[in-house]
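J.: Dropping the structure in here first, questions after.
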Amino acid sequence: MAILRGGKRIGNYDIRIGLPRDRSLDNVNADERLGRKPGGNPETTINRFIAEINQGEGLARPTRYLVVIQPPQRVITNPYEGDFDMTPPNNDLESMTLKRNVGMMCNKVTLPSRDVNTKTAMTYGPGREMPYAYSFSGQIECTFYGDKFLRQRAFFENWQKKIMNINTHNMNYYDEYVGTMDIYQLGSFSAEQDRDRTTYAVRLYEVYPQTIGSIDYSYGASDQSVNIPITLNFRTWKNLTIDQINGATVGEAFGEVPTIKASKDFGLFGGILNRLPPEIRRAGRDVLQTAKRNLPIGRVTGGKVFPPFL
């Protein structure tokens, strides 16, 4: 059907003139452009970009993280079960359960920065910015969801009571109230059924709560939850992986970053794998885990017995 059409009869003949419709969508399946293979040239900019993303196993997500806070140590009556002495001033505000709860309730946190301090050195010609020290921002702004009892706020209030005596107003010794704080970037691993594992982690040292922020109440906020703002001070931080804190490695379950023990996990080849770059090391672990599960003896024992690895 034409878009515009007109005509006139002259004698026994109809003379018609029309503007035909667009026929570019006719027989679309035969369009040769659809036969082009994507990524025909691997050296294009977009293909190189995709390859770099794939090499890094995707992009990090700001919503996949975990915080683990360790306040100053208290008296533990049963270190194997994590029982704390509940007599004053040691109470359940420092229990293992509440510490995990506070870490999981952290809905906003910032990875710390590190600055190299410089000073202009000029002898002849343009000056140079010469490093002479390094420093940290010294503060971390966090926000925590508050439950009905605001236990998360009480956790930090109890921590602040270790800094000063609210009755005598005396300040305590520095080492008595500083703790640590771990911030984990999480990612999924196919070998772990896409469960979250540690991909990057930092540990803050000499941490203590400086400011417990105020909470605004309003009758108009009926559909909102209480957020507890906390400002934490710290002195320094280290990368748990590249700085080899306790032999930490990526790909481990979050909460703790344990050392991979070659004799337990990979036996004969564990020492070799641990000396390889992280990307090759992860691939090697995946191959070994797959072999342990799929070979006959591995299928029978669920991968628990697999000579000569164990």
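What follows is calculated from the coordinates using simple rules that are stated; it is not laboratory data. This structure is a prediction, so every number in the text was calculated from the model and none was measured. Glycine also receives a Cβ, built like all others from the backbone with ideal geometry; neighbour counts cover every protein chain displayed.
J.: So is residue 143 β-branched (Val, Ile, Thr) and under 23 Å from residue 110 (Cα atoms) or not?
T.: yes
J.: Could you please find all residues in the stretch 138-177 being in contact with a strand residue (DSSP E or B) (Cβ under 9 Å, 6 or more places away or on another chain), surrounded by 13 or more Cβ atoms within 10 Å (Cβ to Cβ) and in a loop (DSSP other than H, G, I, E, B)?
T.: 138, 146, 150, 162, 163, 172, 177
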